[in-house]
1. May I ask you to list pairs of residues, at least six apart or on different chains, whose Cβ atoms are under 6 Å apart, with the first in the stretch B:203-220 being closer than 17 Å to B:R192 by Cβ and the second being open to solvent by 60 Å² or more (accessible area, probe 1.4 Å) and part of a helix (DSSP H, G or I)?
2. Can you report the number of residues in the stretch B:143-175 which are touching a Gly at 6+ places or on another chain (Cβ under 8 Å) and farther than 20 Å from A:A99 by Cβ?
3. Give the stretch B:108-128 a look and list any residue that's surrounded by fewer than 19 Cβ atoms within 10 Å (Cβ to Cβ) and in contact with a Gly (Cβ under 6 Å, 6 or more places away or on another chain), or say none.
4. Which of the residues that make up the stretch A:86-104 are more than 9 Å from chain B (Cβ to nearest Cβ) and either over 27 Å from B:A153 (Cα atoms) or in contact with a Cys (Cβ under 6 Å, 6 or more places away or on another chain) (or both)?
5. Is there a residue in the stretch A:30-46 that is under 18 Å from the mean Cα position of the chain (by Cα), modelled with pLDDT of 90 or more, surrounded by fewer than 24 Cβ atoms within 10 Å (Cβ to Cβ) and within 14 Å of chain B (Cβ to nearest Cβ)?
6. Looking at the stretch B:234-265 only, could you name the residues that are more than 10 Å from chain A (Cβ to nearest Cβ) and within 23 Å of B:L169 (Cβ to Cβ)?
7. Within the stretch A:56-82, take every residue that is at the interface with another protein chain (Cβ under 10 Å from one of its Cβ atoms) and within 30 Å of A:I223 (Cα to Cα) and give me the one that is least open to solvent (accessible area, probe 1.4 Å).
8. Looking only at helices (runs of 4 or more DSSP H) that lie completely in the stretch A:52-158, which have at least 3 residues being within 23 Å of A:R175 (Cβ to Cβ)?
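The values are calculated or read from the model by the stated rules, or taken from the named source; none is laboratory data. Fair warning: this is a prediction, and the values are worked out from it, not measured in the lab. Cβ sites come from the backbone with ideal geometry, for glycine too, and all protein chains shown count toward neighbours. Quick note on the areas: whole protein, heavy atoms, side chains included, nothing else; ligands and nucleic acids left out. Shrake-Rupley method; radii C 1.70, N 1.55, O 1.52, S 1.80 Å.
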Amino acid sequence: MTSVAMEVRDLYYTYPDGTEALRGVSFRVKAGEAVALVGGNGAGKSTLLLHLVGLLFAQRGEVHIGDTCLTRENAAQARRAVGMVFQDPDDQLFMPTVAEDVAFGPLNAGVSPEQAVEHVASALARVGMSHVRNRPPYRLSAGEKRAVALATVLAMSPKILLLDEPSSNLDPRGRRRLIELLRSFEHTRIIATHDLELVVEICARVFVLDGGRIVATGPVGEILNDEELMRAHALERPHILRHRHPH
Amino acid sequence: MVRTGSVEILKALAVDWISIGRMDEWARRDSPVHRLDARAKAIVTLGFIVAVMSFPRHDISALVPFILYPVILTSAGGLPARELFKKILVAAPFALAVGLFNPLLDRRPVALVGPLTITGGWLSFASVLFRFVLTVWAALALVACTGMYRLVAGLERLGLPRVFATQLLFLYRYLFVVADEGVRMKRGVDLRAGVKKALTLRVYGSLMGHLLLRSLDRAERVHRAMLSRGFDGEIRVIRSKPFCAKDWLFVGGGLAFFIIARAWNLASAVGRLMTGSVS
């Protein structure tokens, strides 16, 4: 039996302006699993991710990372197990050079400068970005920025990776590289996205989120192939499945 | 015209920021000046600015020896002098505006050069411009041979409160991002304005308000991204080498020279020496 990497129980969250973003979300993700969180705009995907990394806190319900129940008090500690790649890499890359940006997390975690240099080298090598280590992040292409943003998170050796719209703004080649990269990871991956073709290539399971609730969950092939379900929740059955012949 | 002004300024800042980005490239080069500790360069440059600004307003000749400092930074640092001067010119209108009324207000004749009578006003005007060139040149050369990031880190170690240091760095990092957003919004307004003047006061107010809200949103997202990587109020960097002998030498030599040049008019001393030896 595999261990549970993350579990959410009956999560509720209402924004101060009265928007009910989450209305009773529950799910469980096994260690090493890649799952997709799909849903239209405003379905609650981003709000949910912020709860999973301990930046927002449950108003009702619980978030468990491994064996720990996430609270305001233990959030800083619990966050170490979770790495989040944000939608806009410009929000995530703020240091003057790529290497310093990747070192930011490890240094905050109390790693010695010498070790931090090693973490930086291995994280950049992992995403194939060693050659840009001394460049300023704002000068990189969108694809490079995304890869570096991923490296900043990998350098902290998280067990769980959260990705918010990882393929947005990427050209097809950049998107392809990202997909290959994400497939190669052994981490538990939770990917919030509209890019259902990417989901088909990376994930085994999918949660459909709508109106702050999980309305469907199951294997990717089954859920995303359900034309009616997809249309009912602002989604579309991906082409890649239409043309795939059943084996 | 006036209303579109600040968007134009934003744009100019954005463009200028890109060239500040180029200053960061210069800062990544290597030279004896680059290798000096950022704190040493900051202290000496501050001393330089204080010394230059402390002269009486009609002095020019006594200021001349001070040109040595920016010249040394520029040449020893291998900085492109022409590009630096372009940047000085960008800020020149401010100095012109400051000194502009001096010739009108102060018409006392102070010197005769051939048939020309030089008034005190013109002299102080020239002095203002000269000081402006000296100080801006030194400050730009300092940034160009140190890099904004190392400079701010150095200032922080000299006692600049951490909050200000962090603010400076983020201003530096995101100025362009925000200015770029402003430029894009302005473009959106222009495209839908047709032949009418696009930016009425109403539109302008709304545009600036949106820019502020967007910046706040971005600030929140950046903060979240930082928190998720363990940010606790302190930005840690992989520290560079400690303050060493050549840094002390640079600070001592630089400050001593400024004190001597401030106390005695070296230019006229050299002049007397020359004419003395001739006659």
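1. Note: pairs meeting the criteria are B:Y204/B:R3.
2. The qualifying residues number 3.
3. Correct list: B:R108, B:V110, B:V128.
4. none
5. Within the stretch A:30-46, one or more residues are under 18 Å from the mean Cα position of the chain (by Cα), modelled with pLDDT of 90 or more, surrounded by fewer than 24 Cβ atoms within 10 Å (Cβ to Cβ) and within 14 Å of chain B (Cβ to nearest Cβ).
6. B:S240, B:K241, B:P242, B:F243, B:D247
7. A:V82
8. A:89-92, A:98-108, A:113-126, A:142-154
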